[in-house]
Amino acid sequence: MADIRFDGKVAIVTGAGAGLGKVYALEFAKRGAKVVVNDLGSSRDGSGAAHNAADSVVDEIKKAGGEAVANYDSVATVQGGENIVKTAVDAFGTVDILINNAGILRDKSLLKMGEDEWDIIHNVHLKGAFCCTKPAFAVMREKGFGRIVFTTSGAGLYGNFGQANYAAAKTGLLGFMNVVGIEGAKYNIKANTIAPIAASRLTEDVMPPEFFKKLKPEFVMPLVVYLSSDQMNETGMIFNCGAGWYSRSAIVCAPGIALGDGNRDITPEEIQQNWGKIASLSDAKYISNLGETFAFFTPLLQGK
Ligand code: NAI
């Protein structure tokens, strides 16, 4: 099996000054990529800003003989996203890979959560992905190549107490990824999403210390590197990863039941009577775009 290399490729990693993003950036550079190390240098809750986070990762890459440039913009504005991509184009001429990784937390249970906590989380995670992906996509479309990785969370996929803002933004990324993957298909732009579990400042107070030590970001990195490679042809997929566990999650659609004949009214009592079949996930399958769901109810539309 050929080594996965990124010689001649340009990778942007957002939030690469610490945690998971730092590990990705170091590995991309080690494997030949020119890397834009973006990091606002904020605290865990998104307040503040500092250049040293991105600078220290750039220094580390350069000391190891790699090529990298720092960018300190916030992903959370259109201008910031455009500057991040411009940094790559100005320094290295193009963008091949975008890792949407920057993130913060503002946990509160629902009744304590304010508008500020909702908005800042959406701005960094969901809008931030839009702000960076749109200008990167434009470059990738022109060249007919692109690999984009989004970062969701188990909190979004499955739910977690106190993270309504974060879970909603993280799950919003799945919808965004689906459309980026569909719109990018004919330009060889692949978009996939990871749901990592790793030790970082975001998780230091939510995991038992003995687990924390073992959940190294280095276990998430190989999946991100593979998803960014030429060899990888998947798009629109979601992967769980942590501690060496790699697994796919998907939004699936079950066949359910077709009631009526497309003309007669259907009563709530019929829903109640058929609840077993309606709520069953038996024979559920992965659906790669909205149009595929039509197969389930087209016979009703055709009066069959
Ligand atoms: P981290 O806090 O170690 O790293 C995140 C980096 O993003 C920080 O260096 C921070 O300065 C930077 N950042 C924050 N806001 C930014 C902005 N507006 N613009 C640019 N940079 C910004 O956190 P970690 O754990 O490495 O998280 C990386 C991603 O993985 C995040 O999106 C997080 O939500 C996600 N994630 C992490 C999990 C984990 O177990 N560590 C679990 C699920 C998701």
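Judged by the mean number of other Cβ atoms found within 10 Å, the most tightly packed of the peptides 37-43, 264-270 leads the ranking 37-43, 264-270.
The residues of the chain expose on average 50 square angstrom of accessible surface per residue, using a 1.4 Å probe on protein heavy atoms. Among 187, 286, 24, the order of accessible area from largest down is 286, 187, 24, computed with a 1.4 Å probe on protein heavy atoms.
Of the residues 86, 214, 190, ranked by 1.4 Å probe accessible area with the largest first, the sequence reads 214, 86, 190.
Take each peptide in 14-20, 246-252, count the other Cβ atoms within 10 Å of every residue, and average; sorted highest first, the result is 14-20, 246-252.
Bridges between two residues of the chain, per DSSP, are antiparallel at a rate of about 20%.
Here r is the Cβ-Cβ distance between residue 2 and residue 248 and R0 is 25 Å; the resulting FRET efficiency, rounded to 0.05, is 0.60.
Of all DSSP bridge pairs formed entirely within the stretch 99-250, close to 30 percent run antiparallel. Ranking 105, 202 from most to least accessible surface, computed with a 1.4 Å probe over the protein chains only, gives 202, 105.
Per-atom-type breakdown for the stretch 13-158 gives carbon and sulfur 52% of the accessible area (1.4 Å probe, protein chains only). Highest mean packing comes first when the peptides 219-226, 77-84, 108-115 are listed by Cβ atoms within 10 Å, giving 219-226, 77-84, 108-115.
Within the accessible area of the stretch 254-304, what % is carbon and sulfur when the probe is 1.4 Å and the other protein chains stay in place? Carbon with sulfur: 56 percent of the solvent-accessible area. Our summary of shape: the Cα atoms of the stretch 180-291 have principal axis extents of 59, 42, 21 Å, ordered from largest down, in whole angstrom.
For the stretch 1-147, the spread of Cα coordinates along the three principal axes comes to 52, 33, 32 Å, biggest extent given first.
Can you flag which of 34/62; 63/127; 86/143; 86/134 are past 22 Å Cα-Cα? Beyond 22 Å: 63/127.
The alpha-carbon positions of the chain define a convex hull whose volume is 173 Å³ per residue. Once the stretch 34-73 is represented by equal point scatterers at the alpha-carbon sites, with solvent omitted, what log10 I(q)/I(0) does the Debye formula produce at q = 0.23, 0.26 Å⁻¹? These q points yield log10 I(q)/I(0) values of -0.66, -0.77.
Taking Cα centre as origin and charging only the Cβ of basic (Lys, Arg, +1) and acidic (Asp, Glu, -1) residues, the dipole magnitude of the chain rounds to 540 debye. Here the stretch 189-244 is treated with +1 on each Lys and Arg Cβ and -1 on each Asp and Glu Cβ, and its dipole about the Cα centre works out to around 40 debye. The angle between the Cα long axis of helix 78-92 and the main principal axis of the chain comes to about 50°, on a 0 to 90 degree scale. Taking every DSSP helix (H) stretch of at least 4 residues in the chain, weighting each as -39,500 (n - 2.57) and dividing the sum by the residue count yields a mean residue ellipticity at 222 nm of -11500 deg cm²/dmol. Summary of the geometry: the stretch 17-38 and the stretch 137-200, compared by the centres of their Cα atoms, lie 18 Å apart.
The values are calculated or read from the model by the stated rules, or taken from the named source; none is laboratory data. Note that the coordinates shown come from a computational prediction; the quantities given were computed from them, not determined experimentally. Here Cβ is always computed from backbone atoms with ideal geometry, including for glycine, and neighbour counts include all displayed protein chains. Ligands, DNA and RNA are excluded from the accessible area calculation, which covers all protein heavy atoms including side chains. Shrake-Rupley method; radii C 1.70, N 1.55, O 1.52, S 1.80 Å.
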